[in-house]
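S.K.: One structure is given below, represented as structure tokens, and several questions about it will come after.
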Amino acid sequence: MSTVIKIENLSKKYVIGHQREEKYTALRDVMAHKLRGIGQRLRHPLSPNKEETNLEEFWALKDINLEIKQGDRVGIIGRNGAGKSTLLKVLSRITEPTTGRITINGRVASLLEVGTGFHPELTGRENIFLNGAILGMGRVEIKRKFDEIVDFAEVEKFLDTPVKRYSSGMYVRLAFAVAAHLEPEILLVDEVLAVGDAAFQKKCLGKMKNVSKEGKTIFFVSHKMDAIRRLCDHVVLLEKGKLIAHGEKIKIIDQYLASEDLRSTLNDRGPAPHKGMHLRSIVLLGKDLKSKNHFKRNESCHVNIVYDINTPLENVHIVCHIVDIEDRIIVSTGDCDVNRELYLERAPGSYMTNFKLPTNILNEGEYTLIFALGVPYGYVYDRLTDTVGFSISESREKSGPAYVQRRPGFVIQDILWTTTQLDTAYQALPSSPEKGKFNE
Amino acid sequence: MKKDIIIIEAGRSERNYWMDLWKYRELFYFLAWRDILVRYKQTIIGVAWALIRPLLTMLVFTIVFGKLAKLPSGGAPYPIMVFTAMLPWQFFATSFSEAGNSLIANSNMISKVYFPRLVMPTSAVIVSFVDFLLSFGILLGLMLWYGFVPEMRIFMLPLFILLAFAASMAGGLWIAALNVRYRDFRYIIPFIVQFGLYISPVGFTSSIVPDKWRLLYSINPMVGVIDGFRWAILGGDYQLYWPGFLLSLVLVTTILATGIIYFRKTEKTFADVI
């Protein structure tokens, strides 16, 4: 297979001005700034130029080297601000790199946003033409594919309705349909599948998969590991503008999930004597008593907490919520739930406490811990959110022979089903079941 | 099919730019089509709006300059004389403000899709040109009403329309690029449009300007454009002031050329600053 995209030493720099608060520049400010600079020069001719010290360079991308072969389906993953979108923007020529060189062999279409250039006043039909033209299709080409697009989007009935009257689902479907029929050799897609209902997302992924079967190359940015797993073969991991890893998807996704962002520790925050209760540090410990945050299901994990009590207190507790990625509390636990005397009275001093995370019931996914210290349903002395987190993974074999994907549900509980084969042919139960048969 | 090879490098987009512009030629049409469609969908009076505005301005100018101030019209009926100038002026003024705001108004497109950015202000100028053609219809009506027959010079008009187009593009490109970079240019646009109406010979003929000042007066490129229009349409003893006209011609060309250069130089950063 031939190389279609070759990226050499690619870097992109943004300059952030610290003095400015506005989003954009105004000439008036620039002139005022210059004049102030000149004034300063006259007064202190030898001092360094102030203006430069106010600007901070920020490398959105730094020394990226990458080679993509024809037909590759490449997923790009990384935390927010890792440079994923900037990379796509540079590749699609929206913005220019600061240094480096990219050689692209083939027609590129980029889909960084669904429905760019859609005008709410125009009808569906008109917007198909407009959007197609913006994405680089000719009029003849759009006409040829018009029916196919309408079909895919399922909006036949509303073709002559202004899109401002569309439901958001219809809007997204139409927009994606136009983009999906671009027929580029290289398709750059940014997180656009985050919209639309599940069925449509599936349809989009399917369409993109088909596209790649025709020997087309796909670049796909997403936060949804699930979508990346389904669509891509290779994954590129970016972190703070640098390419950290590139290779086979399962390995890289695991590396990503295990990476730093889910912090396993909160280092000592120092004392805070004015607070009645104060959390000092948190650490997640694996079996070997080393801090870690990527666990297999059922693997032992201890949460170790140090806190201060600064005044004598009664009727207080520490509560910890285990929260999933969509901010739902899965499990909540408190330090007095079992150990009830603790609730009555606490003397000033530093304490260490620990509990075992219920990794046996947590389903695959990422979780964060929320801590609150205080009176139940009352005054909260200290609260910590989003600081410490962990992820749970499970091998497919362990979750049972029937599960190819993540088992549905918030929690996992292995439940024993008792099954026997009946001796005789099954007869319908009498209309009133015999009481006491199932030990209610 | 020949494979397109794109090389992206800092400061490198020059090579395929003009080819790209050609590839995206239909986008000019579609963007102009969108703007016209939207305009006439949103306003109740629709097309009429493009006609009412110049007609009313013409009426006011005729009354103020022709009837009250009693300025000379140079032979032709005063309304026709004013309207002949209104055509290029309105064209320039709408192009200037529409093109100037075109990039900001479509900032989501700029930051999400690649296309040669020149398409945007240019299609704004094209939309204004459609208005221009509509107003031209009014002029024909006025000429019929007054029984005014133009001379053979009218066949030179396309050349002056071209000049008006160049002037509109020149102003539009500069202001569009500057407006992205320095957002306070949006306050300057209406000012220039309003001010320009009075310093350009729209309500009066440029012959009332004393001879020794005429060359200086022609530094305003629209003077040359408007005089050209009047020379071609009105005919009669309407004479072109050649030194001034040539000066306007040179200025329009220079501003257009530098406008394109400046636009090309800054357009790579549009997506970053918009």
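S.K.: For A:Val404, are the conditions met, namely being open to solvent by 100 Å² or more (accessible area, probe 1.4 Å) and of a type in the set (A, V, I, L, M)?
M.R.: It is true that A:Val404 is open to solvent by 100 Å² or more (accessible area, probe 1.4 Å) and of a type in the set (A, V, I, L, M).
S.K.: Return the total of residues in the stretch B:79-96 being more than 14 Å from the chain's Cα centre (by Cα) and open to solvent by 10 Å² or more (accessible area, probe 1.4 Å).
M.R.: 1
S.K.: Limited to the stretch A:367-397, what total is found for residues that are open to solvent by 40 Å² or more (accessible area, probe 1.4 Å) and either in contact with a Lys or Arg (Cβ under 8 Å, 6 or more places away or on another chain) or outside any loop (DSSP other than H, G, I, E, B) (or both)?
M.R.: 6
S.K.: Can you tell which of A:Gly276, A:Gly196 is of a type in the set (Gly, Ala, Ser), surrounded by 20 or more Cβ atoms within 10 Å (Cβ to Cβ), modelled with pLDDT of 80 or more and farther than 30 Å from A:Tyr14 by Cβ?
M.R.: Exactly one of A:Gly276, A:Gly196 is of a type in the set (Gly, Ala, Ser), surrounded by 20 or more Cβ atoms within 10 Å (Cβ to Cβ), modelled with pLDDT of 80 or more and farther than 30 Å from A:Tyr14 by Cβ, namely A:Gly276.
S.K.: Name the helices (runs of 4 or more DSSP H) wholly inside the stretch B:117-231 in which the number of residues that are within 21 Å of B:Thr62 (Cβ to Cβ) is 3 or more.
M.R.: B:119-146, B:185-199
S.K.: Also, quick follow-up: Residues that are in contact with a helix residue (DSSP H, G or I) (Cβ under 8 Å, 6 or more places away or on another chain), at pLDDT 75 or above, more than 10 Å from chain B (Cβ to nearest Cβ) and part of a loop (DSSP other than H, G, I, E, B): does the stretch A:76-94 have at least one?
M.R.: So far as the stretch A:76-94 goes, yes, one or more of its residues are in contact with a helix residue (DSSP H, G or I) (Cβ under 8 Å, 6 or more places away or on another chain), at pLDDT 75 or above, more than 10 Å from chain B (Cβ to nearest Cβ) and part of a loop (DSSP other than H, G, I, E, B).
S.K.: Looking for something within 28 Å of B:Lys67 (Cβ to Cβ) and either open to solvent by 70 Å² or more (accessible area, probe 1.4 Å) or without any contact (Cβ under 8 Å) to a residue 12 or more places away in the chain (or both) - is there at least one such residue anywhere in the stretch B:243-257?
M.R.: no
S.K.: Read through the list (1) modelled with pLDDT of 80 or more; (2) exposed (fewer than 10 other Cβ atoms within 10 Å of the Cβ), then give the number of the only condition that A:Pro48 fails.
M.R.: It fails just one condition, (1).
S.K.: Let me ask another. Looking at this structure, is A:Asn354 more than 24 Å from the chain's Cα centre (by Cα), within 30 Å of A:Ser395 (Cβ to Cβ) and either surrounded by 15 or more Cβ atoms within 10 Å (Cβ to Cβ) or touching a residue at least 24 places away in the same chain (Cβ under 8 Å) (or both)?
M.R.: Yes.
S.K.: Kindly provide the set of residues from the stretch A:111-120 that are crowded, with 22+ Cβ neighbours inside 10 Å and at the interface with chain B (Cβ under 7 Å from one of its Cβ atoms), ordered by number.
M.R.: Selection gives A:Gly117 alone.
S.K.: A follow-up question, please. Which condition breaks for A:Leu187 when tested against (1) surrounded by 16 or more Cβ atoms within 10 Å (Cβ to Cβ); (2) touching a Pro at 6+ places or on another chain (Cβ under 7 Å)?
M.R.: Failed condition: (2).
S.K.: In addition: Please indicate, with yes or no, whether at least one residue in the stretch A:102-109 is closer than 20 Å to B:Lys112 by Cα, more than 7 Å from chain B (Cβ to nearest Cβ) and among the small types (Gly, Ala, Ser).
M.R.: yes
S.K.: For the stretch A:95-207, list the strands (runs of 3 or more DSSP E) that sit wholly inside it and hold at least 2 residues that are under 17 Å from A:Phe220 (Cα atoms) and in contact (Cβ under 8 Å) with a residue 40 or more places away in the chain; which are they?
M.R.: Those strands (runs of 3 or more DSSP E) span A:108-111, A:186-190.
S.K.: List the residue pairs whose Cβ atoms are under 7 Å apart, where the first residue sits in the stretch B:101-112 and is more than 10 Å from chain A (Cβ to nearest Cβ), the second is in a helix (DSSP H, G or I) and open to solvent by 40 Å² or more (accessible area, probe 1.4 Å), and the two are 6 or more positions apart or on different chains.
M.R.: Hits for this filter: B:Asn101/B:Arg186.
S.K.: From A:Thr99, A:Thr123, A:Thr95, grab the single residue that is of a type outside the set (Lys, Arg) and surrounded by fewer than 17 Cβ atoms within 10 Å (Cβ to Cβ).
M.R.: The unique qualifying residue is A:Thr99.
S.K.: If I filter the stretch A:244-256 for residues that are under 30 Å from A:Val306 (Cα atoms), part of a helix (DSSP H, G or I) and not charged (D, E, K, R), do I get at least one hit?
M.R.: Within the stretch A:244-256 (the criterion being under 30 Å from A:Val306 (Cα atoms), part of a helix (DSSP H, G or I) and not charged (D, E, K, R)), the answer is yes, since at least one residue qualifies.
S.K.: Next up: Quick check: anything in the stretch B:67-78 open to solvent by less than 20 Å² (accessible area, probe 1.4 Å), at pLDDT below 90 and more than 14 Å from chain A (Cβ to nearest Cβ)?
M.R.: yes
S.K.: Those residues that are at negative phi and either open to solvent by 50 Å² or more (accessible area, probe 1.4 Å) or of a type in the set (Asp, Glu) (or both), I need them from the stretch A:59-78; list them, please.
M.R.: Residues satisfying the conditions are A:Trp59, A:Lys62, A:Asn65, A:Glu67, A:Lys69, A:Gln70, A:Asp72.
S.K.: Now a separate question. Quick one: B:Val125 ticks every box in (1) buried (at least 21 other Cβ atoms within 10 Å of the Cβ); (2) over 18 Å from the mean Cα position of the chain (by Cα); (3) free of Cβ contacts under 8 Å to residues at least 60 places away in the same chain except a single one, so which number is it?
M.R.: (2)
The values are calculated or read from the model by the stated rules, or taken from the named source; none is laboratory data. Source: prediction; values computed, not measured. Reconstructed Cβ throughout: ideal geometry from the backbone, glycine too, with neighbour counts over all protein chains shown. What goes into the accessible areas is simple: the full protein's heavy atoms, side chains included, and nothing from ligands, DNA or RNA. Shrake-Rupley method; radii C 1.70, N 1.55, O 1.52, S 1.80 Å.
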